[in-house]
Structure formats: C-alpha cells, structure tokens
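One structure below.
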Amino acid sequence: MLPHNEMGNDFWHILWYDGGAIEALLTKAQKEFTMTSKKVDAFLYGSIAAVTVAALGLSSFMSIGNGERFKALMLLTVFLAFLWSVTAVRLKWSGKHIFYAVLIAGMAMRVGYTIYTAVDMRQHDVWTTAEPGHWDYIAMLYEKGRLPDSFAGQYYHGPLSHAMIALFIKLVSLTGIDPLASGASWLQAVPCVLSCFTIVIAWKIARELGLGERACLTVELLVAFHPVFYMLSGSVNNDMVMIFFFFLGILYTVRYFNRPAMKHILMLAAAIGCAMMSKLSGGMIAFFTGPVFLMVLVNCIRQNRFAADATVMRVTVKQLTGQFAAFLAVCAPLGLWHSARNLIVLGQPLGYVPAPPVDGDLYVGQYGFQARFLSFPLSKYFGSWCNPREDYNLWTYMLKSGIFGEWEFDVPVLPADSLLLLFLLLTLVSAFWMLRYIQKREAHPILRCGFLILTVTQLFSYLQFNIAYPFGCTMDFRYIVPLVMPFSVYAALAAEDLSQETAWWKKAASSVLYSVIGGFCALSVLFYVIL
C-alpha cells in the first residue's frame, strides 16, 4: 500500500485511496447498524411488494378513491411510526426499529397518494389523444404482445417500464379480476412498489458509504418523505422505473468500488441496462460509474505494485479486465437494443426526443438567457405553483416542481411556502457540504468526488436539455430525480458532522438543521394528506 505521506494532498489521491481505510469505514458502519441476513432482505422486499399491491387492490374493490377516511389512516400510520421511533430512541433500541418505522411511514405516504390520486390525475403524457401516450404503449403490449410499429408520441421510449406494467396487469387478469375496471389503479402498482423500494436502496447506499447510524437514518428519512416520490408512485409513465434502476445502479457502483467482485459488476450492468431500457436518459449514470471504474483499476495497479501484501485489493488487473468485459456484454445489449431496433426498423434517429411546437403555449425561448438561467427570483419561487405555460426561470421551477410537480393544489399558501423554504435551505446546506467534502481526505471517495460528478453531470445535462428544448415542460424536476440521493446524503452528513464538533454554536447549528429536516418531513406529510 502506498504510504500515506506519499499520496499527496491533490485530487488524484482519490485514485489511490487506501483500500484498508474503506474496509475500516464499512466495518465501523456495520457495527453501528446491523441487520440480520439476506433472508431478512428477501422478506422485506417481498413484504413491500405484497403490502403495496394488496392496498392498491383493496382500493379498487372498495372504490376508496380520495376518501378522507383513508387520508386519516395515512396520517395515523405516520403518527404511530413516529411514536415507535421516539420509543426506540428513548429505550435505546437498535436502529433497525427506527429504520422499519420510517419505511412503514414512507410506504404509507406513497401508497396513500397513489390510492387517492386517480390514474388520470397528475400524469405526464399518459392519456393523450393527438398522439400515442404511455397508456397506448402499455395497451399494445398488454393486448397484442408486440412493440409499436412507429416512434410517434411516446413510442420512441424503451419498453421495459410499459412491459412491466403490462405483464403485471396481465397476471392480475388471470385471477378473473378486470385490472382496468374501478379506476384502473392496478396500473399504478408497479411504480408505487418501486418507489417504496427506493427507501431501502437509499438507506443501503448510505451504509455502503460508511455513514453512521444516525446519518443513515436521516438519509432514509429524507428519501422516504421527499414529495417527488409520492408523485412518482402514482405516475403511470416510465419515470419511476428508470429512477428505481438508476438508484440501484448507484448502490452497486458504490458496492463495486468497495468490493470489486463479478456479482456486483453484473448487478450494476443489469441495473444500468434496465434504466436505459426504460428511458435512455438512464445512461447518464455512466458519468458517475465510469470514473469509479477508473478509480478501481488505478487503485488495483498501484496497490498491487507498492503493497507488501499484493492481495490488498483481492482482485488482479486481469480479473478486472474480465469484469469490465462482462459489464459491457450485459449492459450494452440491455440498454441499446431498442434504440438499434428502432433505428434499423423504423428509422428513428439515435437519441431522438420529440419537441413541442415552438408556436405552442409551452414555449419559453422568447425569454432571455439571464432571466431563464442566471437568476433566482424569489417572487417566482414563493406564492405560486409551477406553471409550465407561464414560468420560465429554470432554478425556481426546478425546486418548486420537486415539491409540487407542475400541478396546482387547493390548499393554503402558508404550508406550501414553508415547505419550499425548508427545501431551499436544505438544498443550500447540502450543496455547501458537498463542496466541503472535497477536502476531507479521510472520507469515502464517492463522498469526496463521486457524488459531485453525479450532481454536476445531472445539472449540466438538465441545463443543456433546457437550452436545446426551451419549453416549460422540460424544466420539471422529474428529469433529475437522482439528485435526491446526494441531496439527502450531504444534508444528513452536515447535521451529523456538526453534532460531533466541540464548539457550542456548531452543536446548536446541528440541532437547528435536524429541526429543519424534521420540519421538512412533517410538512411534506401534512401537505400531501390535506390535498
């Protein structure tokens, strides 16, 4: 292993990171927060799927709709989970009790939102008449079992999300139940289940990064109660499926960096390929995963060259080459076969994205570059909902749509603006802490530069997309939902790091930050229960 004082203080130290230090971080995190076995994980995932599907199925039979009694049940579930968490803290029970409480509360919000949000409410490009929407895509796979013969409307997308929903409702129909009757809420089961899974995946990412118990639970809390995942739970389009596999790709990227093994890189390849098969923009994770592969390779070369024990990495360059080849062999066909098929069979250009007409009411290109991209007018941020036909400032729209989508709600403005204020504060704290971690030599390399790369590439792509397609609908936060992960991680780290300082004002700042996080989650629950 390269001596610590020879590594230098520069950025490239990350490429030669001490593998033993990573193991120490992980061991510490494992000791602080231990779950039992893979059998528990299997039971957990099975329970999430079963409970979610059962709840949505029950709503179809009972026509619960947006009944106030069910919203009261949502609030009661979250409140009981909160009481259980407080009890666990007071009695010093293990962190897994709080983990399950947060998971149950987050699931209640997702399932509840899906039940009271009809399948034709707050959707993106699902039920269209002028051109085929996502429902037409699902119906073709469900009824005819074949891919579309054009790339009109939403047919240009990869088929995985639509195929998963079509397969699920086909299985439901085999039981004698009409999955398209009683509001067709069965269509929302797949995205709702996957949205619930993201709570667990986010927590696992935090553990893989070596975060302490409290920080892991804070990350879980922020992902569980981020409103964008409520909205995605009820969305029938392909966003949630792509985002689920994107999050899974982040998890296995970190796992592969920590423990370069064939099983991890194959899972990573499958996750990225499936993300791209749902929505081609899922391939953006390559800008995060690619540098990690480089880190692993250089780390392997240098440690095997300089370490007294040449088995520090427990993998050779030859083995890494085989792993990278296996990654390409799995990821490329999964992610690109549909684009290749449409190019050859239908003449669809690679990277094709249809644009609304420039003479339509969604066009915002008439506003200047500064007004759209180089300002943050608070008057556009507070006091109004997102309006894709009137708003034009990218950054205010981005944050607002992360909380409310592009919809209007019949609720008082005070809780809405309060939620926006807390989200803005947490975003600023998270961004500041991300930049601070560049200088933390002892931190995990993913925390030092990996998430920074992910954030920059996501925002750059988002900015470029809005320059190329100057329309209100392209500003939606749903195009950059993976940023919720670094947002949650650095907000959690800021609160935990400050709490460990000796200065009184830093401890006080930690308490304030934890209060802001708690207030954000509480307002998120209340807002989406009083809709």
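For this structure, a couple of remarks:
- Members of the stretch 408-441 that are part of a loop (DSSP other than H, G, I, E, B) and within 21 Å of residue 527 (Cβ to Cβ): 408, 409, 410, 411, 412
- Failed condition for residue 426, given (1) within 30 Å of residue 290 (Cβ to Cβ); (2) open to solvent by 20 Å² or more (accessible area, probe 1.4 Å): (2)
- When we screen 132, 148 for residues that are open to solvent by less than 10 Å² (accessible area, probe 1.4 Å), in a loop (DSSP other than H, G, I, E, B) and at negative phi, the only hit is 148.
- Test for residue 87: is it over 20 Å from residue 231 (Cα atoms) and outside any loop (DSSP other than H, G, I, E, B): yes
- From the list 161, 173, the lone residue that is of a type in the set (Ser, Thr, Tyr) and over 23 Å from the mean Cα position of the chain (by Cα) is 173.
Yes/no per residue for (1) aromatic (Phe, Trp, Tyr); (2) touching a Leu at 6+ places or on another chain (Cβ under 9 Å):
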{"site": "337", "(1), (2)": "yes, no"}
{"site": "343", "(1), (2)": "no, yes"}
{"site": "346", "(1), (2)": "no, no"}
{"site": "349", "(1), (2)": "no, yes"}
{"site": "353", "(1), (2)": "no, yes"}
{"site": "360", "(1), (2)": "no, no"}
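- Residues within the stretch 345-393 that are closer than 29 Å to residue 424 by Cβ, among the polar types (S, T, N, Q) and in a loop (DSSP other than H, G, I, E, B), tallied: 5
- Failed item in (1) surrounded by 15 or more Cβ atoms within 10 Å (Cβ to Cβ); (2) in contact with a helix residue (DSSP H, G or I) (Cβ under 6 Å, 6 or more places away or on another chain); (3) within 21 Å of residue 163 (Cα to Cα); (4) not acidic (Asp, Glu), with residue 127 passing the rest: (1)
- Considering 285, 301, the condition of being in a helix (DSSP H, G or I), on the phi < 0 side of the Ramachandran plot and modelled with pLDDT of 95 or more is satisfied by 285 alone.
- Remark: residue 362 matches the filter, which requires a residue to be at pLDDT 90 or above, in contact with a strand residue (DSSP E or B) (Cβ under 7 Å, 6 or more places away or on another chain), under 27 Å from residue 276 (Cβ atoms) and not basic (Lys, Arg).
- In this structure, residue 482 does not satisfy being under 26 Å from residue 229 (Cα atoms) and more than 24 Å from the chain's Cα centre (by Cα).
- In the stretch 315-326, the residues that are among the small types (Gly, Ala, Ser) form Cβ pairs under 8 Å with partners that are open to solvent by less than 60 Å² (accessible area, probe 1.4 Å), at six or more places apart or across chains, as follows: 326/265; 326/269.
- So residue 402, is it at pLDDT below 95, on the phi < 0 side of the Ramachandran plot and open to solvent by less than 40 Å² (accessible area, probe 1.4 Å): no
- Scope the stretch 442-477; condition assigned to a loop (DSSP other than H, G, I, E, B) and open to solvent by 40 Å² or more (accessible area, probe 1.4 Å); matching residues: 442, 469
- Close pairs (7 angstrom Cβ cut-off, 6 or more residues apart or separate chains): closer than 18 Å to residue 51 by Cβ and among the polar types (S, T, N, Q) in the stretch 77-102, open to solvent by 90 Å² or more (accessible area, probe 1.4 Å) and modelled with pLDDT of 90 or more anywhere: 77/104
- Test: residue in the stretch 210-227 that is among the small types (Gly, Ala, Ser) and over 20 Å from the mean Cα position of the chain (by Cα): yes
- The single condition among (1) part of a loop (DSSP other than H, G, I, E, B); (2) farther than 30 Å from residue 139 by Cβ that residue 215 does not meet is (1).
- Matching entry among 356, 388 (being open to solvent by less than 30 Å² (accessible area, probe 1.4 Å), under 24 Å from residue 279 (Cα atoms) and touching a residue at least 40 places away in the same chain (Cβ under 8 Å)): 388
- Odd one out for residue 254 among (1) within 15 Å of residue 208 (Cα to Cα); (2) in a helix (DSSP H, G or I); (3) over 17 Å from the mean Cα position of the chain (by Cα): (3)
- Qualifying position, being under 30 Å from residue 320 (Cβ atoms), open to solvent by 10 Å² or more (accessible area, probe 1.4 Å) and not basic (Lys, Arg), among 180, 209, 248, 174: 248
- Test: residue in the stretch 36-49 that is at pLDDT below 85, of a type in the set (Lys, Arg), over 29 Å from residue 403 (Cβ atoms) and out of contact with any His (no Cβ under 6 Å at 6 or more places or on another chain): yes
The values are calculated or read from the model by the stated rules, or taken from the named source; none is laboratory data. Just so it is clear, the model here is predicted, and its values are computed rather than measured. When we count neighbours, we look across all protein chains shown, and the Cβ atoms used for this are built from the backbone with ideal geometry, even at glycine. For accessibility, only protein heavy atoms count, side chains too; no ligands or nucleic acids. Shrake-Rupley method; radii C 1.70, N 1.55, O 1.52, S 1.80 Å.
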